[in-house]
Amino acid sequence: MGESLVFGAVASSALVIGALVGGWVTVPKRVLAGMLAFAAGALITALAFELFEESYERGGLWRAVAGLVLGAVVFTVLSAQLDKAARAGSATREGEEASDKLDLDAAASDRRASSASTQGAAGLALLAAVTLDGVPENLALGVSLGEGTGGLALLAAIFVSNFPEALVGAASMRAQGRSHRYVVGLWVVCAVLLTLAVVLGAGPLSQTSPETISLPLAFAAGAVLASLADTLMPEAYERGGPLVALSTTGGFVLSFALSLA
């Protein structure tokens with residue numbers, strides 16, 4: 001229990017730190033894009049080795065594939081609804097094709113926030129998206145801890161992906177005129193929820209049969225994979241240029257090295 005609380009608090013602390021930074025500080029857009037790319041690289045390792053491979057070994061190929069597809073479908077459907085919420089009451093800039101859930105302009109020092117942040121619900125939509133794929137990720141982290149199989153790679157991937165998402169989400173809320181207390185409070189609630197998910201995974205869920213555990217692991221892998229394709233990678237490459245390829249590589253190498261520890 002103590003270890004799961006520590007791991008959960010560390011993973012979720014990135015949300016609070018990101019919200020604090022996003023509520024006060026603006027940074028160059030290329031730096032934000034590099035952070036997202038680094039997070040994407042780390043998540044690639046985590047979903048392949050910590051999530052999907054574990055699901056396959058516990059429940060077999062078809063169970064793992066079914067969970068993966070289900071997680072991807074659920075994230076994709078809800079992500080489309082979040083995009084609509086982010087655009088509600090706002091008109092996006094002409095030629096804008098990147099996801100409104102991750103409005104890097106709101107946190108960037110070299111661009112004005114888009115109307116999706118100032119008039120819409122981009123920050124709240126991103127908060128919902130983080131919670132959607134964060135719960136199964138943290139459940140999987142808890143399962144790894146409960147069974148004594150490590151989970152360092154998944155912890156690192158969750159941390160480095162939580163930070164830029166919370167930073168951009170908090171900046172979007174700030175651009176909309178929300179108070180600093182309101183913004184940080186919402187992300188603290190999210191952090192507490194995800195910490196409890198780690199505890200749940202390390203406790204009751206880790207004591208169930210391997211076939212039962214296989215499904216949430218695969219679901220988390222599908223949700224993470226869909227979030228990479230839908231949000232993190234498009235935003236990073238759209239905003240950061242070719243150098244984000246190196247950031248992605250760095251995230252992958254770090255996460256892979258931790259998976260071997």
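Where a number appears in this text, it was derived from the coordinates with a stated rule and is not lab data. From a predicted model like this one, the values you see are computed outputs, not experimental measurements. Because the Cβ atoms are built from the backbone with ideal geometry, glycine has one as well, and the counts that use them run over all protein chains shown.
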> Rule-of-thumb check for the stretch 144-261: C-alpha Rg over 2.2 N^0.38 Å?
Replying inline: 1.24
> Tell me, how many Å apart are the Cα centres for the stretch 124-203 and for the stretch 4-54?
Replying inline: 9
> Between Val25 and Lys84, what FRET efficiency comes out of the Förster formula 1/(1 + (r/R0)^6) with R0 = 30 Å and r the beta carbon distance, rounded to 0.05?
Replying inline: 0.50
